[in-house]
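Beneath this line is the structure, given in structure tokens, with notes to follow.
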């Protein structure tokens, strides 16, 4: 059964290591691992603890090094993109796609076409850039997609037993990041170190910067649109500083159902792995007597224009979301390298959207080309 084992793509990243925490707690078999290869010692430790049948490493040199370190364990080691795609097609187990960035798109497409399988999807880029294709593959009798993002997991949980035509709106909650309450002018000179100080969540560097600009919430709006087959105007974003309500659904009769929990990614990860069951979790329980007041307010789109840019891309459709993603990835990288200021991130994205031709009903090649062209455009703007 899928619930008995895990195929983990992106095992050395933040979501990947937390997935292994959950697998360890639940005593789940880890059947296969995949990683980029940037941390061979960590991958070796994971391999020795879980002894998977297969490990795929994108970097060929890292794969050869790992093969030497694991000699005698009988683990099959693959390399390159083809190796990662083979791991994504592993014949059994719940597939967790926790690969960071655009590298996770092709594996998500491979997994979505596997009939009768469960795909726990944590890779944002795959749904943002190629969500229409992935959901189409799933609808044709492929994988059952369970979202891992805390916000989409919350919505997924709130919708259990409900009818799609009863939904008035989806409410995505946002912490507001480290610069909540600041004006655009006040954020002009902030440093990467300041932007990486998230008030509630411990995440990777790229996604933490996306939280600071609120582009992360823009991506989540696009994801929600694809995952739950709703137009962008039916998806709201509210600032909720406490990160206790992970998201909510408003129904036509005026009722709002919300999912609450401690800000711990192991909760949505475990739900995706054990769905439709709920089991005891290693995460700390939420104590309602200690949460204090819960507040909600509209986001400041003047100070954080990334949300408006995401809505624009969502409305354009086609390859626009891939261009949004590609230009953002380049801009965030440039900011982390201290080559551009914080306020230049949305400016570069806007310029890329203005310059890109949008193709409707795109092929996967069109999507990847739009991503790459927008990435290159943002880099050229700063050269």
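Numbers below:
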quantity: Residue list for region 82-110, restricted to those being outside any strand (DSSP E or B) and within 19 Å of residue 322 (Cβ to Cβ); calculated: 99, 100, 101, 102, 103, 104, 105, 106, 107, 108, 109, 110
quantity: Filter result for residue 23 (touching a residue at least 12 places away in the same chain (Cβ under 8 Å), in contact with a strand residue (DSSP E or B) (Cβ under 6 Å, 6 or more places away or on another chain) and at negative phi); calculated: yes
quantity: Filter result for the condition that a residue is under 18 Å from residue 221 (Cβ atoms), part of a helix (DSSP H, G or I) and touching a residue at least 40 places away in the same chain (Cβ under 8 Å), over 378, 310, 303; calculated: 310
quantity: Meets criteria (surrounded by fewer than 16 Cβ atoms within 10 Å (Cβ to Cβ) and either modelled with pLDDT of 90 or more or within 22 Å of residue 312 (Cβ to Cβ) (or both)) for residue 193; calculated: yes
quantity: Hits in region 25-53 - residues which are assigned to a strand (DSSP E or B) and surrounded by 21 or more Cβ atoms within 10 Å (Cβ to Cβ); calculated: 30, 31, 32, 33, 34, 35
quantity: Long-range neighbours under 9 Å by Cβ, at least six apart or interchain, first residue over 19 Å from residue 346 (Cβ atoms) within region 185-200, second part of a helix (DSSP H, G or I); calculated: 197/208; 197/212
quantity: Those residues of region 103-118 which are over 13 Å from the mean Cα position of the chain (by Cα) and either buried (at least 24 other Cβ atoms within 10 Å of the Cβ) or at positive phi (or both), in sequence order; calculated: 107, 111, 112, 116
quantity: Any hit, region 348-355, residues being at pLDDT 95 or above, outside the structural domain of residue 106 (by TED's automatic domain parsing) and farther than 21 Å from residue 206 by Cβ; calculated: yes
quantity: Qualifying residue in region 14-24 (condition: closer than 20 Å to residue 205 by Cα, surrounded by fewer than 21 Cβ atoms within 10 Å (Cβ to Cβ) and outside the structural domain of residue 216 (by TED's automatic domain parsing)); calculated: yes
quantity: Test: residue 87 is more than 20 Å from residue 127 (Cα to Cα), crowded, with 22+ Cβ neighbours inside 10 Å and in contact with a strand residue (DSSP E or B) (Cβ under 9 Å, 6 or more places away or on another chain); calculated: no
quantity: In region 356-372, the residues that are buried (at least 19 other Cβ atoms within 10 Å of the Cβ) and either within 14 Å of residue 128 (Cα to Cα) or at pLDDT 95 or above (or both); calculated: 362, 367, 368, 370, 371
quantity: Region 282-310, residues that are under 30 Å from residue 364 (Cα atoms) and surrounded by fewer than 19 Cβ atoms within 10 Å (Cβ to Cβ); calculated: 308
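The values are calculated or read from the model by the stated rules, or taken from the named source; none is laboratory data. The structure presented is a predicted model; accordingly, all values stated were derived computationally and were not measured. A quick note on method: Cβ atoms are made from the backbone with ideal geometry, for glycine too, and the neighbour counts reach across all protein chains shown.
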